[in-house]
Amino acid sequence: MLAPIPEPKPGDLIEIFRPMYRHWAIYVGDGYVIHLAPPSEIAGAGAASIMSALTDKAIVKKELLCHVAGKDKYQVNNKHDEEYTPLPLSKIIQRAERL
């Protein structure tokens, strides 16, 4: 049996396992994330998402994590927090919201 997914905390990096790549988002609280996406992204858009980021046609969106992840699995992945000191939570959220 798989362990339950821990509830993300504001400032956490969320790694979403798309079929062909990893999608990343910042959890900002109340179920919402901020992420880079093509204007027409639907969950699991695959190659369209990759190409939009490479061609400068992506936009920053604030959406519910459950909508962004869709049926794809995700996890909290703050893998660099031990190597690099993270910014204070207020700055992380402020910078993400400003995009």
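The values are calculated or read from the model by the stated rules, or taken from the named source; none is laboratory data. The model shown is predicted, which means the values in this text are computed figures rather than measured ones. With ideal geometry, Cβ positions are generated from the backbone for all residues, glycine too; neighbour counts draw on all protein chains shown.
Looking at the structure I just gave you, is Ala43 modelled with pLDDT under 90, over 17 Å from Asp12 (Cβ atoms) and under 13 Å from the mean Cα position of the chain (by Cα)? In short, yes.
Residues considered: Pro19, Pro10. Of these, the only one that is surrounded by 13 or more Cβ atoms within 10 Å (Cβ to Cβ) and either at pLDDT below 95 or touching a strand residue (DSSP E or B) at 6+ places or on another chain (Cβ under 6 Å) (or both) is Pro10.
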